[in-house]
1. Output the number of residues of segment 25-56 satisfying the condition of being on the phi < 0 side of the Ramachandran plot and at pLDDT below 85.
2. Looking at segment 58-93, which of its residues are modelled with pLDDT of 85 or more, touching a helix residue (DSSP H, G or I) at 6+ places or on another chain (Cβ under 8 Å) and surrounded by 12 or more Cβ atoms within 10 Å (Cβ to Cβ)?
């Protein structure tokens, strides 16, 4: 399955399933960062950041209608930004 196919499937999820997916994916990312797969092993969430993320999740869970859909090119732009960020690091090795 390609990233684009995954993106398409995520965009089609109903709100409750999207919340479940986001919670699972967050846990998955945390487990990956603890296994050494993180690009920046020195980065850690501050207590303030965790508190803010939990506040936003609770707010969204209480009112899913507040969600704003992604723009159609959001993931393409994000992918390009990540590639741009990684390019200088890869070329300096």
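The values are calculated or read from the model by the stated rules, or taken from the named source; none is laboratory data. Quick caveat: nothing in here was measured; it's all calculated off a predicted structure. Heads up, the Cβs are rebuilt from the backbone with ideal geometry, glycines too, and the neighbour counts pull from every protein chain shown.
1. First, the residues of segment 25-56 that are on the phi < 0 side of the Ramachandran plot: 25-35, 37-56.
Add one more test, that the residue is at pLDDT below 85, and what stays is 29-35, 37-45.
Of the residues in segment 25-56, 16 are on the phi < 0 side of the Ramachandran plot and at pLDDT below 85.
2. Passing the criteria: 60, 61, 64, 75, 79.
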